[in-house]
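The values are calculated or read from the model by the stated rules, or taken from the named source; none is laboratory data. Given the structure is predicted, the values throughout are model-derived calculations rather than measurements. Here the Cβ positions follow ideal geometry from the backbone for every residue, glycine too, while neighbour counts run over all protein chains shown.
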Amino acid sequence: MLPSADSAPGHDPYAALRVPDFRRLVSARVLLTVATRIQGLVVSWQIYHLTNNPLALGLIGLAEAVPSIIVSLYAGYVADSVPRKRIVVPALGLLLLCAVALAVLASPYGLGLLAKDSLYTLPLYAVIFVSGIARGFMGPALFSFMPQLLPTRSLLSNAVTWNSTSWQASAVLGPAVGGYLIARLGVADSYVVSAVMLALALWQFGRIAGRPLPPTEGERLGLKENVLSGLKFIFSNQLVLAALSLDMFAVLFGGAVALLPVFASTILQVGATGFGYLEAAPAIGSVLMAVFLTYFPMQRRAGQKLLWAVAGFGLATIGFALSKNFFLSLFLLFLTGVFDSVSVIVRSTLIHLYTPEYMKGRVSAVNNIFIGSSNEIGAFESGAAARLLGTVRSVIFGGLMTLVVVAVTAWKADKLRRLESGTK
């Protein structure tokens, strides 16, 4: 996607990291991602052991996705109307308050005082719902703020790759640390660690200099037209639409992560520590592939490689569902991360390259609906399918549906199939 070091004299794989504000953004995102991954792992472990019901795991994703989807289009409009730092900092502050609330609920003074009936976990879902609102506003603002920190557009592809690499590295660390924290400290103190890391992320974001909004182009639109313009832009661009659709449906049907507490507890029987390793395995694969692509970017047949990568994701998911060996399961989850990293980097680069700066908030909001929320809705789909079909059969079904999505996309999206590289 970037010219390789061999073909580009003076190519610097660390170019974006030499920009001070970009480094601060990356370090803040690392803290934010590790904290939220710890929190997500702990809350899924807590709710499953309170309910012993895989559908309850799916409801976690739904509780976060619904508010995020509801606010996304308006949040994108806000991100293109208000300086982006002024959105990121309050949203992160709200996530910090949610982490504190989860810690209180997990303490002896929280859920322990409630009657253990069908509404016992409702306060946990309420906090997750509020965090979904915060993430709905943060996503578009953060996505569109990142390019403003770069002094030249030539650093964009390198910045996207490092952004993805740092996120995946954080996603490796978060679940591994989360599993250890659950086993050693318990649920309540694990939430406290997450809250401390969110506070550090908030401090680091505060150190980044604010940036004015990019100048707009064309005629001024009304509120409704502004809110919907991101949708119109994406649906008018077959290349971006195909990449988003492929990723969305693959995540929607092919994700087994939401059911990992069931696999760890009842199928592989590896406990909380093993659960953390299972959660971390896809991210390890992702970060290694992202680092590889930083030094050896895709130059040819990027579209075909994207299609093959998503197909590989589906096959690895099916293999994981059938595995009864812990180490084989780890390896197959590792492969899902390797394949997913290709999709993430291609999609993110395409959106950044083909979207005008003044529209990035609104387009990112649609991307959040397509991709970000599909993770949570996919978690609900996985939980509901597990309830109807059984855990193993539901994951196999998801992997098969991923392969169907790849086949349909390859047939319909000729521009994606013929895409040579991620450069414009």
Subject >> Odd one out for S118 among (1) at pLDDT below 85; (2) closer than 22 Å to Y191 by Cβ >> reply: (2)
Subject >> Checklist (1) surrounded by fewer than 20 Cβ atoms within 10 Å (Cβ to Cβ); (2) at pLDDT 85 or above applied to I38, failing item >> reply: (1)
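Restricting attention to segment 74-81, does a residue exist that is more than 25 Å from Y277 (Cβ to Cβ) and part of a loop (DSSP other than H, G, I, E, B)? Step through it out loud before you land on a result.
The initial filter retains those residues of segment 74-81 that are more than 25 Å from Y277 (Cβ to Cβ), namely 74-81.
So of that shortlist, the ones also part of a loop (DSSP other than H, G, I, E, B) come out as 80-81.
Yes, that holds for at least one residue.
Considering each residue of segment 247-271, count those that are modelled with pLDDT under 75 and either over 17 Å from A365 (Cβ atoms) or not acidic (D, E) (or both), and give that number. Break it down into steps so the answer makes sense when it comes.
So in segment 247-271, the residues modelled with pLDDT under 75 come out as 247-258.
Then keep just the ones that are either over 17 Å from A365 (Cβ atoms) or not acidic (D, E) (or both); that gives 248-258.
Going through segment 247-271 one residue at a time, the tally reaches 11.
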Original post:
Just to be sure, is A169 within 23 Å of R347 (Cβ to Cβ) and touching a Ser or Thr at 6+ places or on another chain (Cβ under 9 Å)?
Top reply: yes
Original post:
Can you pull out the residues in segment 46-62 that are crowded, with 22+ Cβ neighbours inside 10 Å and small (G, A, S)?
Top reply: G58, G61
Subject >> Filtered residues of segment 267-287 (kept if surrounded by fewer than 18 Cβ atoms within 10 Å (Cβ to Cβ) and either assigned to a helix (DSSP H, G or I) or in contact with a Leu (Cβ under 7 Å, 6 or more places away or on another chain) (or both)) >> reply: I267, G271, T273
Subject >> The lone exception for S236 - which of (1) surrounded by fewer than 16 Cβ atoms within 10 Å (Cβ to Cβ); (2) at pLDDT 80 or above; (3) among the polar types (S, T, N, Q) it fails >> reply: (2)
Original post:
Name the pairs: first residue in segment 102-114 and under 17 Å from I60 (Cβ atoms), second residue buried (at least 16 other Cβ atoms within 10 Å of the Cβ) and modelled with pLDDT under 80, Cβ to Cβ under 8 Å, at least 6 apart or on different chains?
Top reply: L105/L111; L111/T121
Original post:
Residues of segment 165-210 being touching a helix residue (DSSP H, G or I) at 6+ places or on another chain (Cβ under 7 Å) and among the aromatic types (F, W, Y), which ones?
Top reply: W167, Y180, Y191, F205
**OP:** Determine which member of the set T317, T294 is buried (at least 22 other Cβ atoms within 10 Å of the Cβ) and in a helix (DSSP H, G or I).
**Re:** T317
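Suppose we filter segment 143-161 for residues that are part of a helix (DSSP H, G or I) and more than 15 Å from the chain's Cα centre (by Cα); how many remain?
Of segment 143-161, the ones part of a helix (DSSP H, G or I) are 143-149, 153-161.
Now restrict to residues that are more than 15 Å from the chain's Cα centre (by Cα): 144-149, 153-159.
Number satisfying all stated conditions: 13.
Does S374 satisfy being in a helix (DSSP H, G or I), under 20 Å from L278 (Cα atoms), in contact with a helix residue (DSSP H, G or I) (Cβ under 6 Å, 6 or more places away or on another chain) and at pLDDT below 75?
Details: in a helix (DSSP H, G or I): yes; under 20 Å from L278 (Cα atoms): no; in contact with a helix residue (DSSP H, G or I) (Cβ under 6 Å, 6 or more places away or on another chain): yes; at pLDDT below 75: yes.
It is false that S374 is in a helix (DSSP H, G or I), under 20 Å from L278 (Cα atoms), in contact with a helix residue (DSSP H, G or I) (Cβ under 6 Å, 6 or more places away or on another chain) and at pLDDT below 75.
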Original post:
Just one of V100, V88 is surrounded by 21 or more Cβ atoms within 10 Å (Cβ to Cβ) and of a type in the set (V, I, T); which is it?
Top reply: V88
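From the list V43, V78, which residue is of a type in the set (A, V, I, L, M, F, W, C) and either surrounded by fewer than 23 Cβ atoms within 10 Å (Cβ to Cβ) or touching an Asp or Glu at 6+ places or on another chain (Cβ under 9 Å) (or both)? Write out each step before concluding.
On the way: V43 fails: either surrounded by fewer than 23 Cβ atoms within 10 Å (Cβ to Cβ) or touching an Asp or Glu at 6+ places or on another chain (Cβ under 9 Å) (or both).
None of the other options fit; the residue is V78.
For every residue, the table says whether it meets (1) more than 18 Å from E279 (Cα to Cα); (2) buried (at least 19 other Cβ atoms within 10 Å of the Cβ); (3) in contact with a Lys or Arg (Cβ under 6 Å, 6 or more places away or on another chain).
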site: L155; (1), (2), (3): yes, yes, no
site: A169; (1), (2), (3): no, yes, no
site: G174; (1), (2), (3): no, yes, yes
site: L181; (1), (2), (3): no, yes, no
site: D189; (1), (2), (3): yes, no, no
site: A195; (1), (2), (3): yes, yes, no
site: L202; (1), (2), (3): yes, yes, no
site: F205; (1), (2), (3): yes, yes, no
site: A209; (1), (2), (3): yes, no, no
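Do the conditions hold for S68, that is, is it among the polar types (S, T, N, Q), at pLDDT below 85, farther than 30 Å from A264 by Cα and crowded, with 21+ Cβ neighbours inside 10 Å? Can you show your working first?
Working: among the polar types (S, T, N, Q): yes; at pLDDT below 85: yes; farther than 30 Å from A264 by Cα: no; crowded, with 21+ Cβ neighbours inside 10 Å: yes.
So S68 fails the test.
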**OP:** Taking the residues in segment 294-315 that are within 19 Å of the chain's Cα centre (by Cα) and touching a residue at least 60 places away in the same chain (Cβ under 8 Å) as candidates, determine which candidate is nearest to T336 (Cα to Cα).
**Re:** F313
